[in-house]
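Notes follow the structure.
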Amino acid sequence: MRIRFRYLPIIFLFLITLTLSAQEKYLQSGPMVGYSEMMEVLLWVQTNAPASVQFSYYEEGQPAQKYRTAEVRTELHSAYTAKLVADQVEPGRKYTYELYINGKLVKRPYPLKFQTQHLWQWREDPPPFRFVIGSCFYVNETEYDRPGKPYGDHYEIMTAIYQQQPDFMLWMGDNTYLREVDWYSRSGILHRNTHTRSLPELQPLLGSVHHYATWDDHDYGPNNSDRSFRQKADTREAFELFWGNPTYGIDGGPGITTMFQWADV
């Protein structure tokens, strides 16, 4: 078989595209930007099968100087989620980042970026910032929605928030809605969190706005649940798996309590 040399660049480009697409199929949701500090930022991603994930990142305008996070293998037990820390950063900078799955670049059709906190104390006025608060995020799954007209819909609000480009988003609870099929199994709880996080309209917002979260009754359990809820350990575990807060609990005790500072707030 003879292949004319003039076709080789086309074939080579096709093979590269095929390889990139092959790795993209492993991406379930994210990437998401978590907490931001002066010297590190958390990055989160979820695959749909066991895979090796890693991020590269560089200061805006300096793509020649790239840094990499550690490489992590996603596993079924943790819902194929991974948290990686970008720790070769400087205060008050903006960075572009890239996702690698199984060693191959996975491009996204929207910007992936994060920022570090400014070192303003004793030096200058704290920098201005913008943030958004949200809650009650019900994502439909027809076979498990209640009969009749269900809750949910109007996901374009995620696009509207993204277009405003806030520095961070604070999720105030009911960030997902556990259904009857989810309440009493770890599998159901992880499924619900995965399903909500995978909403297409949410992905651009996850990729470039920092996210912090607390919870309420519907991401904890059934409506108005209290400490008697049987699966509370599983929902707490799911919260930790799916969010990028800096800490969870107080003095080593179980919980989702944390604190963070942005500028002077």
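FYI, it's all coordinate maths here, none of it is from the lab. Just so it is clear, the structure is predicted and the values come from calculations on it, not from any experiment. Here the Cβ positions follow ideal geometry from the backbone for every residue, glycine too, while neighbour counts run over all protein chains shown.
Just a few scattered comments:
- Modelled spin-label separation between ASP217 and ARG73, with each label point placed 7 Å from Cα along the Cα-to-Cβ direction: 4.3 nm.
- 222 nm mean residue ellipticity, helices alone, for the chain (DSSP H n ≥ 4; -39,500 (n - 2.57); rounded to 500): -6500 deg cm²/dmol
- Gyration tensor verdict on the chain (Cα atoms; rounded if a/c is under 1.5, prolate if a/b is larger than b/c, oblate otherwise): oblate
- In the range 163-265, trypsin sites (Lys or Arg not before Pro) in a DSSP loop with at most 16 other beta-carbon atoms within 10 Å: ARG227, ARG230
- Candidate cross-link partners of LYS232 among the aspartates and glutamates, defined by an alpha-carbon separation under 14 Å and a same-chain spacing of 8 or more, comprise ASP182, ASP216, ASP217, ASP219, GLU240.
- Centre-to-centre separation between the Cα atoms of the range 64-112 and those of the range 200-265: 21 Å.
- Stretchable slack from PHE260 to GLU201, in nm (0.36 nm times residue separation minus alpha-carbon distance): 18.6 nm
- Relative packing of peptides 135-143, 42-50, 88-96 - highest average C-beta neighbours within 10 Å first: 42-50, 88-96, 135-143
- Distance violations [Cα-Cα > 18 Å] among LYS25/LYS66; LYS66/LYS104; LYS25/LYS104: LYS25/LYS66
- Remark: relative contact order (the chain) = 19 percent; criterion is Cα-Cα distance under 8 angstrom and separation of 6 or more residues.
- Peptides 159-166, 243-250 ordered by packing proxy, namely the average of other Cβ atoms within 10 Å per residue, highest first: 243-250, 159-166.
- With both residues required to sit in the chain, DSSP beta bridges show an antiparallel share near 75%.
- By DSSP, the beta bridges lying fully in the range 64-171 are antiparallel in about 60 percent of cases.
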